[in-house]
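The values are calculated or read from the model by the stated rules, or taken from the named source; none is laboratory data. Since the model is a prediction, treat every value here as computed from it, not as a measurement. Note that each Cβ is placed from the backbone with ideal geometry, even for glycine, and that neighbours are counted across all protein chains shown.
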Ligand code: SF4
């Protein structure tokens, strides 16, 4: 089962939990012995209704996005906020149900991408930035591509070669960062209007939570030798993302 389908199952469980809390909260509010207890129970009831509504909204949006149906911009924004707010709850509830963080993060990235790909953009090449961690560079290569990707001699042993090719082809910006702090600095310096981020699930989710005002297409890398060394990417997926943002 792919990660989005698993997320839908988990969200359905959350809807049931939310519903039970709403029913329990309503019953407790009616039978509260004191005014204070009544207020607390009503507070819990309102919280549970909000939780229930957010979860329900997310399920609806996922189904619509997967069916490639148009959803209003307001709903897309609400989904972005709800996935941010529900993420810790999803991780908390998902753990005892056998959902690992990687699955939830992967679904989160996919959902984010569904939203980005359902929007239209008309950016220029230089307004688009590809952001990737330096573990993409072949570990035996000593060239300082993190300082300047153009220093790559294009030997073809790693995907930096392909990314430099895309940079030249579309005139985009390319940043290869050694960590989250440097990645944030590159975004501040280069001021892109759209980002294509390639990284592991954990870094992508933390980046998506940091960068709230820009469209970010999140592409999960491949790690044939384990995490953080000689990672790879699907260069066709990256190029598809560039073309989507360009809308040639
Ligand atoms: S493609 Fe560029 S970065 Fe990768 S190993 Fe060759 S020279 Fe180094």
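May I ask you to verify whether residue 148 is exposed (fewer than 13 other Cβ atoms within 10 Å of the Cβ) and either touching a residue at least 24 places away in the same chain (Cβ under 8 Å) or farther than 27 Å from residue 80 by Cβ (or both)?
For residue 148, the condition - exposed (fewer than 13 other Cβ atoms within 10 Å of the Cβ) and either touching a residue at least 24 places away in the same chain (Cβ under 8 Å) or farther than 27 Å from residue 80 by Cβ (or both) - is met.
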Selected residue [within 16 Å of the ligand (Cβ to nearest atom) and exposed (fewer than 15 other Cβ atoms within 10 Å of the Cβ)] from 126, 168
168
Within the stretch 135-154, the count of residues that are touching a strand residue (DSSP E or B) at 6+ places or on another chain (Cβ under 7 Å), in a loop (DSSP other than H, G, I, E, B) and more than 6 Å from the ligand (Cβ to nearest atom) comes to 1
State whether the residues of the stretch 234-245 include one that is at pLDDT 95 or above and at positive phi.
no
Can you find a residue that is within 9 Å of the ligand (Cβ to nearest atom), within 21 Å of residue 224 (Cβ to Cβ), modelled with pLDDT of 95 or more and not assigned by TED's automatic domain parsing to the domain that holds residue 82 anywhere in the stretch 175-197?
yes
Note on residue 217: of the conditions (1) touching a strand residue (DSSP E or B) at 6+ places or on another chain (Cβ under 7 Å); (2) part of a loop (DSSP other than H, G, I, E, B), unmet is (2)
Residue identified as away from the ligand (no atom under 11 Å from the Cβ), modelled with pLDDT under 95, under 29 Å from residue 77 (Cβ atoms) and more than 17 Å from the chain's Cα centre (by Cα) among 95, 102
95
Could you grab the pairs with beta carbons closer than 6 Å, sequence gap of 6+ or different chains, first residue in the stretch 159-170 and more than 14 Å from residue 243 (Cα to Cα), second one more than 8 Å from the ligand (Cβ to nearest atom) and part of a loop (DSSP other than H, G, I, E, B)?
159/233
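Quick one: which residue in 50, 61 is within 22 Å of residue 5 (Cβ to Cβ) and in a helix (DSSP H, G or I)?
Result: 61 is the single residue among 50, 61 that is within 22 Å of residue 5 (Cβ to Cβ) and in a helix (DSSP H, G or I).
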Breaking point among (1) touching a residue at least 60 places away in the same chain (Cβ under 8 Å); (2) surrounded by 17 or more Cβ atoms within 10 Å (Cβ to Cβ); (3) within 22 Å of residue 9 (Cβ to Cβ), for residue 136:
(3)
Looking only at the stretch 155-186, how many residues end up being under 19 Å from residue 135 (Cβ atoms) and either part of a loop (DSSP other than H, G, I, E, B) or under 22 Å from the mean Cα position of the chain (by Cα) (or both)?
19
